[in-house]
Every structure is written in structure tokens, then in C-alpha cells.
Amino acid sequence: MGRLRDATPGRVYVDCATCKRSGRYTVASLIDRYGADISTLDLLRHLTASCRYQRAPGAPPARRYEHLCLAAITLPPPARKIPPVPPGTPYTVEIWRETGGNVELHLATIYPLSMAKAAFDVACLEWPTHEITLRDRARIIERRERPLRSATG
């Protein structure tokens, strides 16, 4: 069980299927009221204390046809950790097949042109016998042609 301080800002929902009661609270108002160190289970018990079907902690289990408080707490979803996408279009560094004219290996998708050119230069050093391109979608920005083979080698 987490603590209320771990919840992201937003709304907390408390719903009970048995008595059809529901409540909506902001995380900030709950922190002001109960403190940030309260556990979510204790918070649920405080918020549903007036429910006639609520059972005290340690009470005997409900009998077969007795109603139970089925209150559930829903915390705000955690913030997404998706890095922002830079503006503009990405550049790609690719190695081409000797025959067939298609991409053999897609090395990188990079946004700033300066970093893409640096990656292209490193790829030219690592694959000295391959054709390598630096492209912006279909437009070729830089191309290193395949070196010619010598007749003796």
C-alpha cells in the first residue's frame, strides 16, 4: 500500500458497489485534511467510515448473505515518463546492400543534424567497404559511395 504523498496531483475517486455511494476528492485537499503520510488503505477507511456496511478492522468475517462495503479507491494515474520529441524531422543513417538497392542496416534515427553528421562519419569509419547514406526522409544529405574493388584483390 502506498502513501498519499506518492500520488500525483489530480482527483481521487472512491466508489462503493454495495451502497452506490461515490466521492471525488483532489489530492491536495486530502493532504491538507489527513496529511501526506497517511496510507491509501487508512485513507479509504476514513473516507468510508460512515458506510453502514463498513466493518471494523479485526471484526469477524461477514456471514453468507450479509452485505459488505466494497468501497475502492482510485488514485490519479502516474505521470508518463515519455521523453519529449524534438521538433522537426529525424535524420537516418543507413548502410545499403551491395545488390538489390535496399537498406541492409538501419543504424540510427537522430534529430539534430550536427549529431547525425557525426554518426554518419563514425559509420563511414566502422564500415569502410559499404555504401552509407545520411537521409532526411527520402532526401539524401550525404552519401559515401561503395569503394571500387581492385582487379588484383
- Looking only at the stretch 19-36, count how many residues are over 18 Å from Pro78 (Cα atoms) and in contact with a strand residue (DSSP E or B) (Cβ under 8 Å, 6 or more places away or on another chain). 3
- Query: Does the stretch 128-136 contain at least one residue that is of a type in the set (S, T, N, Q), assigned to a strand (DSSP E or B) and in contact with a Lys or Arg (Cβ under 6 Å, 6 or more places away or on another chain)?
  - Reply: yes
- Task: Could you look through the stretch 110-126, keep only residues that are open to solvent by 80 Å² or more (accessible area, probe 1.4 Å) and more than 14 Å from Glu142 (Cα to Cα), and pick out the one that is nearest to the chain's Cα centre (by Cα)?
- Result: Glu126
- Quick check: is even one residue across the stretch 84-92 at pLDDT 90 or above, surrounded by 12 or more Cβ atoms within 10 Å (Cβ to Cβ) and not in a loop (DSSP other than H, G, I, E, B)? yes
- Quick count over the stretch 49-71, residues being closer than 19 Å to Gly2 by Cβ and aliphatic (A, V, I, L, M), is 1
- Task: Mind telling me which of the residues Thr133, Thr129 ends up being open to solvent by less than 50 Å² (accessible area, probe 1.4 Å), in contact (Cβ under 8 Å) with a residue 12 or more places away in the chain and not hydrophobic (A, V, I, L, M, F, W, C)?
- Result: Thr133
- Please work out which residue is nearest to Ile31 (Cα to Cα), limiting yourself to the stretch 43-74 and to residues that are part of a helix (DSSP H, G or I) and aliphatic (A, V, I, L, M). Leu43
- Tabulated pairs, the stretch 46-68, first at positive phi, second open to solvent by 70 Å² or more (accessible area, probe 1.4 Å), C-beta under 8 angstrom, 6+ apart or interchain: none
- Message: Restricting to the stretch 18-48, name every residue that is over 20 Å from Gly2 (Cα atoms) and open to solvent by 60 Å² or more (accessible area, probe 1.4 Å).
- Response: Lys20, Arg21, Ser22
- Breaking point among (1) under 22 Å from the mean Cα position of the chain (by Cα); (2) open to solvent by less than 70 Å² (accessible area, probe 1.4 Å), for Ala56: (1)
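The values are calculated or read from the model by the stated rules, or taken from the named source; none is laboratory data. This is a predicted model, so every value here is computed, not measured. Note: ideal-geometry Cβ built from the backbone for every residue, glycine included; neighbour counts use all protein chains shown. When the accessible area is computed, the model is the full protein with side chains, heavy atoms only, and any ligands, DNA or RNA have been set aside. Shrake-Rupley method; radii C 1.70, N 1.55, O 1.52, S 1.80 Å.
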